[in-house]
Amino acid sequence: MDRTILHCDMNNFFASVECMMDPSLKKHPIAVCGNVEERHGIVLAKNESAKKCGVKTGEALWQAKQKCPGLVAVPPHYDEYVRMSRLARQIYGRYTELVEPFGLDECWLDLTAGLRFIGTGDHIANELRQTMREELGLTISVGVSFNKVFAKLGSDMKKPDAVTFIPQESFREKIWHLPASELLGVGQKTAKKLESWGIRTIGDLARHSEDSLVRILGKNGAMLRRFANGEDRSPVLAESDFPPAKSVGHGITTLADLTEDEEVWRVMLELCQEIGHRLYSLGQKAGGVSVTVKDKDLHTKQWQGPLCPSVGSPYLIAQKAFSLYQSGYDRKKPIRAVAVTAIQLLPKNAPDQLDIFSQGDDTLRRERLEGAIEALRERFGERILRNACLLHNPKMPGEHPPVCLPPAIR
């Protein structure tokens, strides 16, 4: 059965959301980026005006401003991006249950089963464009094709606010002349390697022998050849079909090197706020913790250990992470980056095998407290309640805290 797959890509997503939040930005070239003083002066996204000036994602802000002297730099608002991404998926969900996210700003939709009731693929694509403009104030580019790879290729072919249809019967004429780098799975390094073998277009890739491509790229070569020939049969996965998360982590490069244990504790506790929130949202708890520390010379150390009982509490996860750091790091070099990961995830209600040293009652009380805090944050915003020591953190981006130590080091 022929499929009808859409790939919806929200145009200049971060920058478009910023312009929607502050319409006065629309008349300027803008770049969403971190603060130069916070070691994060990199362009994360830009609008069409900045793009026309040659501003590129991933370049330093000072380079972008050389190309575009009138560039307005705005800080990212990730919570708003996540919210808009969810709203977009809700709109897509009106047409099909088979909606597969590909990052925050892109989704595949499989319309095959309900197409006879809702219209043709290109009709739905244009309807989605209009709905997104009217309800969210954002534009999307949509690719319509018979598989995911070509639908993704189509959404990239015309931007912004456009629909591209790549039909099964004439895809060769439509796309084989395009550079091989346009195909999903062909990154910069792969494109350079292919070019060194005279493979420059998608058509070259499709016509090249599979054995030769396997020698050049390994198994990936055979896969890319299938893609170029329109032989992608990968399904669009509904959210319920995704495998459960095996870990939840968060890391940060600090504004200045960490030289004291108190500073490390505050950073870990801050990181664990997000980890705890994600575990709460997933209905899971952690059976272990992994900690990664990078010193100022970029040397990395990593430790992990079990949590008994398993927990979802940000505070208890942070305590374990800090204990691992204290027992493993020699403190000779200041720390530049810290990451904490909750591992060995379990359903929240999964039973635990306790040992005689476990403080079950204390853990239960802490978990109930954290659950009440999460409920308040869901209702009134994530910063309605915070640990006092996280109110000001001079070495975390956007923050500034007084010393607050866990009981182990008071």
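The modelled label-to-label distance between Ala113 and Glu182, using points 7 Å beyond Cα along the C-beta direction, is 3.3 nm. Computed over the stretch 185-299, the range of Cα coordinates on each principal axis works out to 60, 41, 20 Å, biggest value leading. Under a 5 Å amide H cut-off, with hydrogens placed 1.01 Å from N, Lys296 pairs with Arg336 among residues at least 5 apart or on other chains. Stretching Phe102 away from Arg331 to a fully extended chain increases their span by 78.4 nm, per 0.36 nm per residue minus the current alpha-carbon distance. Modelled this way, with points 7 Å down the Cα-to-C-beta line, the labels at His77 and Lys189 are 3.7 nm from one another. In summary, the lysines within cross-link reach of Lys152, defined as a Cα separation below 19 angstrom excluding same-chain residues under 8 places away, comprise Lys174. Applying 1/(1 + (r/R0)^6) with R0 = 22 Å to the Cβ-Cβ distance of Ile42 and Val214 gives a FRET efficiency near 0.05. Partners of Lys285 within straight-line reach, counting aspartates and glutamates whose Cα lies under 20 Å from its Cα and excluding those fewer than 8 residues away in the same chain: Glu270, Glu274, Asp352, Asp355, Asp361, Asp362, Glu367, Glu370, Glu374, Glu378, Glu382. Extension gain, Glu274 to Asp261, is 2.6 nm, computed as 0.36 nm per intervening residue step minus the present C-alpha separation. For the listed residue pairs Lys294/Lys320; Lys26/Lys52; Lys67/Lys193; Lys46/Lys246; Lys56/Lys192, the alpha carbons are over 22 angstrom apart in Lys67/Lys193; Lys46/Lys246. Surface listing: Ser212, Ser49, Ser281 arranged by accessible area from highest to lowest gives Ser281, Ser49, Ser212, probe 1.4 Å.
Is the C-alpha gyration tensor of the stretch 93-186 telling us rounded, prolate or oblate? Criteria: a/c under 1.5 is rounded; beyond that, a/b larger than b/c is prolate, otherwise oblate. It comes out prolate by the Cα gyration axes. Computed from the C-beta positions of Asp161 and Trp62, the FRET efficiency with R₀ = 22 Å rounds to 0.10.
The values are calculated or read from the model by the stated rules, or taken from the named source; none is laboratory data. Quick caveat: nothing in here was measured; it's all calculated off a predicted structure. Glycine gets a Cβ as well: all are built from the backbone with ideal geometry, and neighbour counts include every protein chain shown. Keep in mind that these areas ignore ligands, DNA and RNA; they rest on the heavy atoms of the full protein, side chains included. Shrake-Rupley method; radii C 1.70, N 1.55, O 1.52, S 1.80 Å.
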